[in-house]
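A.B. asks: Have a look at the structure that comes next, please.
The values are calculated or read from the model by the stated rules, or taken from the named source; none is laboratory data. What you are looking at is a predicted structure, and each value in this text was computed from that prediction instead of being measured. Cβ sites come from the backbone with ideal geometry, for glycine too, and all protein chains shown count toward neighbours. All accessible areas refer to the heavy atoms of the entire protein, side chains included, with ligands and DNA or RNA removed. Shrake-Rupley method; radii C 1.70, N 1.55, O 1.52, S 1.80 Å.
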Amino acid sequence: MSTLSSLLRDRIDEQGPLPFSTFMDLALYHPDLGFYATSGQAGRRGDFVTSVEVGPLFGQVMADYLDRLWTELGRPAPFTIVDAGAGPGTLARTIRAAGPACAEALDYVAVERSAHQRSQHPDGIRSLPDLPTAPIVGAIVANELLDNLAFEIVHWDIEVGFRQVAVMVDSAGEFAEVLTPTEFNDPAFDPGEARSARLVWQPAATRWLQTALDLVERGRVLVLDYTNRSVYADHRAASPIRTYRDHRSGSGPLDRPGEQDITADVQVRDLIAVEPPALIATQADWLRANGIDDLVAEGKRVWADRAGIGDLAALKARSRIGEAEALLDPDGLGAFTVLEWRR
Ligand SMILES: C[S@@+](CC[C@H](N)C(=O)[O-])C[C@H]1O[C@@H](n2cnc3c(N)ncnc32)[C@H](O)[C@@H]1O
């Protein structure tokens with residue numbers, strides 16, 4: 001059976017060095033051997049925990065946000081929610097469990113590239129591999145999608161300027177970097193005292209945002225992700241790229257393709273260049289503005305009343321308090337960025 005590494009080696013033999021984005025795209029999304037086709041799974045037992053997978057609370061806040069939007073738009077039917085990069089469909093399940101008023105008009109579209117993850121989507125929603133093409137009234141929500149779209153690694157040094165990383169096979173048969181010409185340029189780039197720097201360039205993320213904005217006739221595009229507000233804040237670090245496997249940091253991005261997640265902070269400046277958002281907030285502030293404190297207060301009341309009984313309602317209420325701590329954590333999910341564009 002061919003492995004992803006052997007497949008990538010064959011590809012490099014035939015075509016020469018692959019742009020890093022091509023290598024990353026295959027490592028994550030090869031339909032049979034990619035990380036998201038096999039092991040890659042958000043969730044408590046998976047490789048990472050997203051806000052959606054912390055528990056039902058995030059979906060409850062999102063359901064309230066959608067109800068307010070539905071009312072503001074004049075209660076349209078259908079009211080389409082596109083959950084972009086939906087993973088196994090957990091957000092759809094938790095929004096439904098919250099019982100929002102907009103449910104009567106809701107057309108929930110879970111867009112997920114991986115067939116393996118699509119197969120886990122719940123009944124009663126539309127499950128698609130790509131964004132729909134017809135304009136929508138409603139919202140496109142992308143939680144931790146853009147950081148996972150294949151990006152380029154740009155290398156700058158004082159002698160040559162910008163080049164981008166491509167992947168070749170070295171004499172020992174290992175994947176190795178080679179620097180190749182790039183279309184990336186930024187006349188405003190300021191490396192300070194540094195003689196070399198590494199940048200993440202995310203043309204796929206900016207293309208995705210433009211497509212999403214074009215799709216929404218009336219409503220919102222909501223992006224939630226870890227971001228680096230200033231593009232070059234970490235340019236002196238060895239590499240701005242991170243990898244994850246089994247809840248732990250993985251190894252270098254060229255190691256063990258298909259066995260680890262590859263990600264980088266979303267570069268907010270590039271998204272703003274597509275169109276300035278109406279709102280940029282931390283996830284903690286956004287959750288508070290959308291009612292998380294009331295939901296937690298309710299959970300505390302129920303827990304105080306029912307802790308002695310210890311029934312399911314009591315346990316759910318206690319879980320809500322713990323979930324809020326994780327979602328608001330200023331050193332974790334609470335520090336994520338929420339960007340909202342309005343139509
Ligand atoms: C980090 S997971 C986030 C899943 C979910 N949104 C959550 O918050 O738990 C990113 C998901 O986006 C999917 N994905 C990546 N590129 C995509 C694309 N172009 N269109 C749709 N889904 C995509 C991946 O397969 C993966 O399931």
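A.B. asks: With a 10 Å radius around each residue's Cβ, average the other Cβ atoms per peptide and rank 182-190, 131-139, 167-175, highest first.
C.D. replies: Details: 182-190: 11.6, 131-139: 16.9, 167-175: 13.1.
Going by the mean number of other Cβ atoms within 10 Å, highest first, we get 131-139, 167-175, 182-190.
A.B. asks: Right, something else. What dipole magnitude, in Debye to the nearest 20, does the chain give about its Cα centre under +1 on Lys/Arg Cβ and -1 on Asp/Glu Cβ?
C.D. replies: Values: 33 positive and 50 negative charges, 191 e Å.
So the dipole magnitude of the chain works out to roughly 920 debye.
A.B. asks: For the chain, which whole percent of the accessible surface, found with a 1.4 angstrom probe, sits on carbon and sulfur atoms?
C.D. replies: 50 percent
A.B. asks: Moving to a separate point now. Please sort 272-281, 16-25, 49-58, 319-328 by packing, taking for each peptide the average over its residues of neighbouring beta carbons within 10 angstrom, highest first. Please report the intermediate quantities before stating the final value.
C.D. replies: Numbers: 272-281: 14.5, 16-25: 19.9, 49-58: 22.6, 319-328: 18.3.
The peptides rank, most packed first, as 49-58, 16-25, 319-328, 272-281.
A.B. asks: Please work out the average accessible area per residue across region 234-341, using the 1.4 Å probe convention, and give it in Å². Before the final figure, lay out the partial values.
C.D. replies: Values: 5400 Å² over 108 residues.
On a per-residue basis, 50 Å².
A.B. asks: Let me ask something else about it. So what is the 222 nm mean residue ellipticity for the chain from helices alone, if each DSSP H run of at least 4 adds -39500 (n - 2.57) and you divide by all residues, rounding to the nearest 500 deg cm²/dmol? The partial results should precede the final answer.
C.D. replies: Working: 11 runs with 114 residues, N = 343.
The per-residue figure over the chain is -10000 deg cm²/dmol.
A.B. asks: What angle do you read, to the nearest 10 degrees and between 0 and 90, between the alpha-carbon axis of helix 57-72 and the longest principal axis of the chain?
C.D. replies: The helix 57-72 is inclined about 80 degrees to the chain.
A.B. asks: I'd like the Kirkwood hydrodynamic radius of the chain, using the inverse of the mean 1/r over distinct C-alpha pairs, in Å. Can you show the working numbers first?
C.D. replies: Details: mean 1/r = 0.0466 Å⁻¹.
Result for the chain, one decimal place: 21.4 Å.
A.B. asks: OK, next. Between Asp331 and Asp123, what length comes free when the chain is fully extended (0.36 nm per residue of separation minus the Cα-Cα distance, one decimal in nm)? Present the calculation step by step, with values, prior to reporting the outcome.
C.D. replies: Details: separation 208, 0.36 × 208 = 74.88 nm, distance 3.59 nm.
Stretched fully, the Asp331-Asp123 segment lengthens by 71.3 nm.
A.B. asks: When the C-alpha atoms of region 234-343 are aligned to their principal axes, what extent does each axis show, in angstrom, from largest down?
C.D. replies: Its Cα atoms span 53, 40, 25 Å along the three principal axes.
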